[in-house]
Structure formats: C-alpha cells, structure tokens
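Shown next, in structure tokens, is the structure this report addresses.
We did not get these values from a lab; they are worked out from the coordinates using the rules stated. In this text, all values refer to a predicted model and were calculated from it rather than measured experimentally. Here the Cβ positions follow ideal geometry from the backbone for every residue, glycine too, while neighbour counts run over all protein chains shown.
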Amino acid sequence: MSLSEQLKKAHGAYYTREEVADFLTAWAIRTPHDRVLDPSAGAGVFLKAAVQQLSRRGGSGASQVLGIELLPETCKTTSRELDGDGYAARLFCRDFFETTSSDFGAVDAVVGNPPFIRYQRFAGQMRKRALERAEEAGVRISALTSSWAPFLVHAVSFLRPGGRLAMVAPAELGHAAYAQRVLQYLCDSFRTVIVLAFERRLFADLSEDTVLVLADDKGGRFESFTLHSLSGPEHLSADNGLGGGVRLDARGVSSGAVRMIEYLLPARIRQLYQEIRTHRKVRNLGALADVGIGYVTGANDFFHLSFADANLHGIPKRYLARAVRRGSDFVGLMFSDRDWESLAEKGAANLLLRIRDTEKRLPASLQRYLERGIAAGINQRYKCRTREPWYAVPHVHEADGFLTYMSGGVPRLVVNGARAVAPNTLHVIRMRPASLMSVGGLATAWQSSLTWLSCEIEGHSLGGGLLKLEPTEAERVLVPMLGEDRFDTERLDRQLRDGSLTAVLDEVDSSVARTLGLARADLRKLCEGAKMLRERRSSR
C-alpha cells in the first residue's frame, strides 16, 4: 500500500462512485442559484457533479460550488484535476471541524461522503473538536463514536433555512447506539428525512455497509422519516425511487426501541414481531444472562498450545486450561468433553497458558517458555506490556455457555459442557441467578424462528455476509420462555449433530406457538423473515 493510500485509509477516505454523486447532487440542487458545499471533497467527485448540475440549470460552479479537504496532498491533486478538466469550483485545504458557516456563508445544499474513521483512530484534538461541534448543535455524542456522526451534525450547521443535506453514511446510522442522537437531530432539523438502503454494497472495499441520507427543508416542521430499499446504485434516479418507501417510527428508531432493519421486512412480519416483543413469555437475552467478550491474550499463537506443544515445552498441566476458540467447533446444543477431546486429538491449539498474577515461583520449564516469548518480543505487544506480569492473561472465566460473535449462518449458542474458557473470538454466557431458565433451556429456546429473526434484527452485517453480534446487541435478542421439561435435550443435541436442523426448529417452534398462543402460521412468518434478512446479508 502506497503512502497516499495509507493516508486515505487512516482518514477514512473511500471515494464515491460517480452515479451516486450524480444522484445526490441532482436531488439536492434545485435552482441555478444554489450554493453547494462538499465538506470532504476527496477526489472531487461531488464537486464535479455539482458543477455539472448547476450548469444544466444555468448556474455557475465558479462562485457556487465549495469544497473542503483535510489532506494537503489530496487537495493539491484534486485542485489540479479540477482546473485541468475545466471544473470551476473553489477547494479549501482545511479541517472541516475547524470551519464554520461564517467562513463561507450559508449554503443551500451540503453533499458528500464523510470520512469514516473508527473511534480507535478518531482521537486527540480532532475527536475533541468534533464532539464540541456536535455539542454546539445540541447533540451530545459518545466518545466511542466514529467520525462520520459528528461530521453529519456539523454539516447541518452550514445550511440556510430550507436547505438540503444529501450524503453517504455508514449503515451504523441504523444500529449503532451513538447514531440514535444523530437520527433524532436530523428529524428535529428537517421536514423530511429519507434513508436509501441497498441490497448490493456501494463500497466493495469496505467491510461496513453504507446508506444514503436525504434530508429536506432545514427548519421545516417534521413530516416523515422513510426508508427505501434498492437493489443497487444503477436504480438511483432523482425522478424515481423516492416515491413510496416505508414510513418509519422516528421516535422508536431514534430511541433504539425499534431497529431500522425491521422495516425491510414485509409489514405482516414486522407487525407480528413487534407484537411478540412485548409478550410476557418473551425476554431479552440480557434479562436471562450476562453476555461478555472472552479473554484477550495479546498473542494467541503464544498463549494457546496443543498437547504436543505443551509436552514439547514441558508445561505442567496445572498451568493449562481447556479452551475453545472458534464458533465452527459448535455442532449441537452443547460443547461437550468429547467435543473438546476430539479437537485436541486433531492437534488443535485448545489449551490456554493460564498463569495467575499471584504466582511467584514458576517451574523451570515454564520459565524457559516465557523466556522464548520475551526473545520473540511477545512481552512488548500492546496487551502484554500493559499488564503486570505480562504473561498473566486476565478475565479468564469458565462460562455457562458460549455464543458465536460472527456468524455466516445462524448464530450458535451452546452449553459449556467441557468446562472450557474462550478468547474474544467468542462471547461468554453467564446465567443470571434469577433468570428462571437454565443454560440448557436457553440453548434449546435459541433454536426458534423468533430468536433467529431477532438475531438478524439486533446484529449487523459485515463484508462477506457475516452477521456480527456485539455483546449489547446480543443482550437485546428475544428469547421465548419455554417449559424445559417439554424437551429431550440429549435427543435434540444428537439431531443437530446429525444435521437435522429443520426438525429441531419445527419442534421448538411448536412449543413457542403453544407457549405464546400463536398459530403455526405465525411461526412460519417469523422463519420467513429470518430467512429474508439472512439471504439479504449473505448475498452481499
């Protein structure tokens, strides 16, 4: 990767396809006199599209199209290309968060693709200033936010009354907790807000999904918040694709009570799901169990050993703990002793080197292994050098169960029958004392259409069709409270191992229907909804 590419990635610069820029500028520019701002100009795609749109309407880009770009190298290259191609637009090299509308005057339209910098790299003075700008607008955003959220909020301040915002945004807009305040701000600031979602990704090189945000008539009385789903950018048109759509519950979505993805479901399935959510026999997973990430070693290849490795280095058994590291190792309702032993027999590195921080005198063989780690620089890796001693892995818990963190199909929740521990590639499940359900009952109830649909709604899609469930998202997943005496869990476990997933689903769904007073047709609707959302993300 070249230095230029590294800088672009560090600053979240993913340049926009021309058809997307053409659509957004065509929607946002209404008169030949409109002034237009792109606050993250990048390669100038939006600047060029804005000049073209104004030209069609009889306007002039020279005095009406403004751009801001943070990176000097990009700004210089883009300015040269704009001049060379005859696009008269003014481009300024500066930090958008250090800029206010008083620097250029208010504009009629803000268009563009804000930088997408995750909170881990969105730090220092830039983050401090960005959060200050959002707070000046009355929006207090968590410090864990990515850069795009305060960017969108600050962009609104450049619009005059009646102005329009037309921008790309990550799909986090519909599921991240910190995005809820941004959605509320948009609905409070504009007459209408439209979100366009796509079945195919707009940015193939981004692991995150993206949407388009169209906010019209700043300062107007709020009328509607709608969601439209299009197959791809080739169906974008300023003349169509904006009629109809699904009207969203603005308050519900901006408060987090309803997920935006629910509105991609047919109304009959969405309404059924929303009714079931409040049933007295349905709980969120978080009410039944604590969901947390597993331990973090800082160097998995060093701290995880196979039996052969442990014997080679003479590591005493009392310093080794059984571990499971991958969701693909789960095949039934339970991760059993035999499951773990089978992995060990195949040479899997499923032993965790577990040395407690209270250990003072270590065996010579273990000391030699640690010295090998020091020679390899393991003790200087970030997670290792920040703990004392460096080799004592913290937060190692023998959980009641495990839940897959990222899943290609249905997320798996299993009983920890092997008394194993797990790293942060899996979630650890610890049942709450007052949950009224055992971990075995939870693993059984998990095999229901209701829970499968809820996983698709509460989680979020990543590149390659993966579904990611953060701990807070997992704790929102709906679980039916079923009578555990109704099931032969050993038989269900065998059926899952034999691949009879449909038979298990049918049996559990029958119990869900009886418990919740639903018709079997209702459970088929939930199953259909789960399949629809799963296929949508799997095809991306």
Notebook entry, point to check: Just how large is the dipole of the range 68-111 about the Cα centre, in debye to the nearest 20, putting +1 at every Lys and Arg Cβ and -1 at every Asp and Glu Cβ?
Noted result: 80
Next item on the list: Give the peptides 160-166, 348-354, 483-489 in descending order of average Cβ contacts within 10 Å, highest first.
Entry: 348-354, 160-166, 483-489
Item checked: Cβ-Cβ FRET estimate between Ala267 and Ala88, R0 fixed at 35 Å, reported to 0.05 -> 0.10
Item checked: Amide H partners (placed H, <5 Å) of Arg412, local residues excluded -> Thr404
Next item on the list: Subtracting the Cα-Cα distance from 0.36 nm times the residue separation, let me have the gained length for Ser142 to Ala257 in nm, one decimal.
Entry: 39.6 nm
Checklist line | Table column - 3J(HN,Hα) (Hz), the range 482-491, Karplus curve with 6.51, -1.76, 1.60, x for Gly and Pro | finding: 9, x, 5, 6, 7, 10, 9, 5, 5, 5
Note to self: Output wanted: per-residue J couplings in Hz (rounded whole) for the range 281-295, from phi through Karplus 6.51 cos²θ - 1.76 cosθ + 1.60, θ = phi - 60°, x for Gly and Pro.
What the structure shows: 9, 10, 10, 6, 3, x, 7, 9, 8, 8, 10, x, 7, x, 5
Next item on the list: Mind putting together the pair-distance distribution for the range 290-538? All Cα pairs, 10 Å bins, whole percent per bin, short to long.
Entry: 7, 28, 31, 19, 11, 3, 0
Check: Across 20 Å bins from the origin, how do the percents of Cα pairs in the chain run, short distances first?
Finding: 20, 44, 30, 6, 0
Checklist line | Burial ranking of peptide ranges 471-481, 328-338 (average Cβ count within 10 Å, highest at the top) | finding: 471-481, 328-338
Item checked: Partnerless Cys - the chain, beta-carbon criterion under 4.7 Å -> Cys187, Cys384, Cys455, Cys527
Item checked: Residues in the range 339-357 reached by a label modelled at Asp309 [backbone nitrogen below 16 Å; 7 Å Cα→Cβ] -> 343-355
Notebook entry, point to check: Given H placed on each backbone N at 1.01 Å, which residues far from Phe190 in sequence or on other chains put an amide H within less than 5 Å of it?
Noted result: Gly219
Next item on the list: Let me know the whole percent of all Cα-Cα pairs from the range 43-83 that are separated by more than 15 Å.
Entry: 39
Next item on the list: Compute log10 of I(q)/I(0) for the range 484-540 with the Debye formula, placing one identical point scatterer on every Cα and leaving out solvent, at q = 0.22, 0.23, 0.26 Å⁻¹, to two decimals.
Entry: -0.93, -0.96, -1.03
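Let me check against my output: what whole-number percent is the relative contact order of the chain, with C-alpha pairs under 8 Å and at least 6 apart? Walk me through the intermediate numbers first.
Numbers: 1015 pairs, mean separation 63.4, N = 540.
Computed value for the chain: 12 percent relative contact order.
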Notebook entry, point to check: So if R0 is 30 Å, what FRET efficiency would Gln125 and Lys383 give, r being the distance between their Cβ atoms, rounded to the nearest 0.05?
Noted result: 0.70
Notebook entry, point to check: If the cut-off is 25 Å between C-alpha atoms, which lysines fall inside it for Lys281, apart from same-chain ones fewer than 8 positions away?
Noted result: Lys525, Lys531
Next item on the list: Select from Ser189, Val324, Leu91 the residue farthest towards the positive end of the dipole of the chain; place +1 on Cβ of Lys and Arg, -1 on Cβ of Asp and Glu, and compute about the Cα centre.
Entry: Val324
Check: In whole Å, what are the Cα extents of the range 442-540 along the three principal axes, biggest one first?
Finding: 39, 30, 25
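Could you tell me the calculated FRET efficiency between Asp95 and Asp485, based on Cβ-Cβ distance and R0 = 60 angstrom, to the nearest 0.05?
Details: r = 64 Å, r/R0 = 1.06.
It comes to 0.40.
Under the √(5λ) rule applied to the eigenvalues of the Cα gyration tensor, what semi-axes describe the equivalent ellipsoid of the range 327-418? Give them in Å, descending. Before the final figure, lay out each step's value.
Values: eigenvalues 188, 50, 37 Å².
They are 31, 16, 14 Å, listed largest first.
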Next item on the list: Order the peptides 358-371, 132-145, 40-53 from the highest to the lowest mean number of other Cβ atoms within 10 Å of their residues.
Entry: 40-53, 132-145, 358-371
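Distances longer than 26 Å among the Cα atoms of the range 282-393: what percent of all pairs is that?
In whole percent, the share of Cα-Cα pairs in the range 282-393 beyond 26 Å is 28.
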